[in-house]
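The values are calculated or read from the model by the stated rules, or taken from the named source; none is laboratory data. Quick caveat: nothing in here was measured; it's all calculated off a predicted structure. FYI the Cβ positions are ideal-geometry reconstructions off the backbone, even for glycines, and counts take in every protein chain you see.
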Amino acid sequence: MSVVTSSSFNFKSLSPSPTRPFPSWINNGDTSPSLLLLREISASFSRRSANSFLKKVSCAKSPDDYHATLKSLNSRGRFPRKSLGQHYMLNSDINHQLAAAANVKEGDFVLEIGPGTGSLTNVLLNLGATVLAIDKDPHMVDLVRERFAGSDKFKVLQEDFVKSHIRSHMLSILEGSDSALAKVVSNLPFNISTDVVKLLLPMGDIFSEVVLLLQDEAALRLVEPALRTSEYRPINILVNFYSEPEYNFRVPRENFFPQPKVDAAVVTFKLKHPKDYPDVSSTKSFFSLVNSAFNGKRKMLRKSLQHISSSLEIEKALGVAGLPVTSRPEELTLGDFVKLHNVIARE
């Protein structure tokens, strides 16, 4: 994802508009980082688009949105880091909709990945949830730790989520909790979304649902892929094996700082409990077969699976599974792959 970085700003391009003066909290005549930060944000757009952007994000009624987010960043002298995929939500209404999509309520335990300045965290805590937040950026960890220091329902860990031992963390926490299963609600850094989905979805024994704000194109690929298209991939088999995905709603790019070049979307994955997974003898061998099949996506399965069995044996297995011997991977549903795997596993 491409985002606006601090190196691309032009400080000279900004001046207050007589019809839309700067907010009073930065219109004080000083040269503090607060003023510089707002100048950098506004200068990343043309004068016309900047006014449009400010008008859109200023419409939110909650105080925990546009100015609060910018003040939080400024309090640490922070700029969003492209390397971490950081994009901060400026519209608290979206945070409320994220929480509503997961039906967060009093007594829930919620995992949040990448809390940033804590705007979504605040919504979750106000709903009565206990929140474990994980962030790779030590500056953001310090910020939210300080912000919610008075809450006994909040804990933050400085870790790279894709390398963290999240199962161990969750099991140790849930042992002393009244919650049978936890939930995940997160405005994810776009650059780790696929890794996070692969890590979380097989945890139906820990989480009941995973609600993520993802890049819109990625959300559509995960939830609504069509057979026989280039968008149909092994990740779609994984998503449907472990969950029931639902595309909730699109989030326009204007709601973020920095503004990305793409829109986002909220997706709900209702996780299946392990006892409800498709019946395969081994999930490891099942996904090994799926990945092997898609490694030769344009090839027929009797060719791409030759390292598992001979072409004749694969043809025979396809026939027993009720599939054409000329089948290609993008033509098979989850159920088809399950039947094929089980036939091959029995032989």
- line: Expected single match for farther than 28 Å from Val104 by Cα and touching a residue at least 12 places away in the same chain (Cβ under 8 Å) among Thr229, Thr268 is Thr229
query: So, of the residues in segment 159-176 that are surrounded by 15 or more Cβ atoms within 10 Å (Cβ to Cβ) and without any contact (Cβ under 8 Å) to a residue 60 or more places away in the chain, which turns out to be nearest to the chain's Cα centre (by Cα)?
result: Phe161
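Restricting to segment 238-249, what's the tally of residues that are of a type in the set (Ser, Thr, Tyr) and surrounded by 18 or more Cβ atoms within 10 Å (Cβ to Cβ)?
Here the count works out to 2.
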- prompt: Across segment 278-335, which residue is surrounded by the most Cβ atoms within 10 Å (Cβ to Cβ) among those that are within 26 Å of Ser243 (Cβ to Cβ) and among the β-branched types (Val, Ile, Thr)?
  reply: Val290
field: Filter result (among the aromatic types (Phe, Trp, Tyr) and either in a loop (DSSP other than H, G, I, E, B) or in contact with a Cys (Cβ under 7 Å, 6 or more places away or on another chain) (or both)) within segment 146-187
entry: Phe148
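Given the structure, is Leu143 buried (at least 17 other Cβ atoms within 10 Å of the Cβ) and either part of a helix (DSSP H, G or I) or out of contact with any Leu (no Cβ under 7 Å at 6 or more places or on another chain) (or both)?
Values: buried (at least 17 other Cβ atoms within 10 Å of the Cβ): yes; either part of a helix (DSSP H, G or I) or out of contact with any Leu (no Cβ under 7 Å at 6 or more places or on another chain) (or both): yes.
In short, yes.
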- prompt: Looking at segment 220-242, is at least one residue out of contact with any Pro (no Cβ under 8 Å at 6 or more places or on another chain), among the small types (Gly, Ala, Ser) and part of a helix (DSSP H, G or I)?
  reply: no
statement: Taking segment 216-237 and keeping only residues that are surrounded by 20 or more Cβ atoms within 10 Å (Cβ to Cβ) and in contact with a Leu (Cβ under 9 Å, 6 or more places away or on another chain), one is left with Ala219, Leu222, Asn236, Ile237
statement: Within segment 250-270, the residues that are at pLDDT 95 or above and more than 14 Å from the chain's Cα centre (by Cα) are Lys270
message: Within segment 64-76, does at least one residue satisfy the condition of being modelled with pLDDT under 90, assigned by TED's automatic domain parsing to the domain that holds Ser193, of a type outside the set (S, T, N, Q) and part of a helix (DSSP H, G or I)?
response: no
query: Does Val211 satisfy the criteria of being of a type in the set (Val, Ile, Thr), surrounded by 17 or more Cβ atoms within 10 Å (Cβ to Cβ) and either outside the structural domain of Ala180 (by TED's automatic domain parsing) or closer than 17 Å to Lys198 by Cα (or both)?
result: yes
message: If a residue must be in contact (Cβ under 8 Å) with a residue 60 or more places away in the chain and in a strand (DSSP E or B), how many such residues does segment 188-215 contain?
response: 7
